[in-house]
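Novice: This is the structure, below, for whatever I ask next.
Each reported figure results from applying straightforward, stated rules to the coordinates on display, with no laboratory input. Keep in mind that what you see is a predicted model, and the values were worked out from it rather than measured. Every residue, glycine as well, gets a Cβ built from its backbone with ideal geometry; the counts of neighbours run over all protein chains shown.
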Amino acid sequence: MIYSLLNTINRIKPFSTADAHCDIPCKIYDPQIAQIAALSVIRFIDLIQELEQKEQRTLADHATLSRLVREKEIHAAKVKEEVRTIWGDYFKQPQFEQFPDTHELVHQIMLTASACKQGIGRESGEKLLTLVNEFAASFWQTKGVDTYKADCPYPPQMQTVYPKLG
Amino acid sequence: MSPSLCDGDFIVSFKGRLRRFKVDDIVVVQHSLYGVIVKRIKEVYPTDSFALIGDNPTSTSTEQMGTIEKNAIIGRVVLHIRRPHLPARNAP
């Protein structure tokens with residue numbers, strides 16, 4: 001009852017916050033790690049598809065396939081970890097008020113990254129990048145930093161959101 | 001500060017002019033490195049400075065937080081309203 005009342009007041013006019021956890025509040029957050037990981041997922045999917053085109057696969061190809069699948073899953077998991085950290089540690093009430101759909105967006109990123117781990121469909125990788133780009137654009141906007149879109153200058157050369165710095 | 005204080009709890013802190021802080025007080029501190037933090041007083045030095053400690057074993061250590069001057073203490077926690085427990089949910 002008292003908690004609900006305070007919570008309502010806090011939503012209208014936020015109280016000061018004090019940290020009690022063990023994390024060092026380093027305030028270093030950047031969605032580029034998640035974006036690069038998402039691009040990597042697409043790249044690994046492409047390389048896996050290239051192997052599929054081969055008529056005959058050697059033992060070395062099988063070894064490469066193992067590595068590609070492993071790395072694809074590691075990078076999809078990295079997307080989840082990086083986005084979760086920014087969502088959980090950086091985003092607070094003012095940012096959620098600015099972007100009220102953030103919870104839904106982050107949840108979609110979690111689901112899509114899992115789909116990327118489970119399969120090799122390029123559309124999953126592309127969707128993941130689109131969502132992470134949207135998350136990155138929101139993040140930079142909360143910091144008052146404009147963004148632009150450009151093809152990343154390396155494979156898979158996909159549209160990526162970059163901050164306009166300097 | 002878990003389990004004494006948990007994420008989302010509300011606390012009220014107060015700093016009286018005359019009151020002296022003592023060991024085991026939970027205080028809100030403006031820390032030069034860690035920002036506004038809430039920790040427990042571990043030790044009171046004769047120079048009216050303090051050592052802090054977190055209740056959780058994985059808390060930032062006393063050494064990392066360093067010696068805290070009295071003017072860095074925003075107030076002693078005098079009221080604590082715990083966040084109601086949410087029902088446990090199974091991981092997908």
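Novice: A:M1 versus A:D61, label points 7 Å from Cα toward the beta carbon: distance in nm?
Specialist: It works out to 7.3 nm between the two label points.
Novice: Return the distance in nm (one decimal) between the two label points of a simple spin-label model at B:T62 and B:L33, each offset 7 Å from Cα along Cα→Cβ.
Specialist: 1.6 nm
Novice: Can you run the Rg to Rh ratio on the protein assembly as shown? Use alpha carbon positions and the Kirkwood inverse-distance Rh. The partial results should precede the final answer.
Specialist: On the way: Rg = 23.9 Å, Rh = 21.7 Å.
That ratio equals 1.10.
Novice: If each Cα of region A:29-163 is one equal point scatterer, what is log10 of I(q)/I(0) from the Debye formula at q = 0.12, 0.13 Å⁻¹?
Specialist: -0.47, -0.55
Novice: Please compute the contact order of region B:1-58 in relative form: average sequence separation of alpha-carbon pairs under 8 Å and at least six residues apart, divided by the residue count, as a percent. Walk me through the intermediate numbers first.
Specialist: Working: 68 pairs, mean separation 18.0, N = 58.
That works out to 31 percent.
Novice: Over region B:10-81, what lengths in whole Å, largest first, do the semi-axes of the equivalent ellipsoid take, defined as the square roots of 5 times the eigenvalues of the alpha-carbon gyration tensor?
Specialist: Computed over region B:10-81, the values are 17, 15, 11 Å.
Novice: Another question, then. Give the order of A:I45, B:I41, A:I74 when sorted by the count of other beta carbons within 10 angstrom, beginning with the fewest.
Specialist: By the 10 Å Cβ count, ascending: A:I74, B:I41, A:I45.
Novice: Another question about this same structure. Tell me, how many Å apart are the Cα centres for region A:1-16 and for region A:68-120?
Specialist: 29 Å
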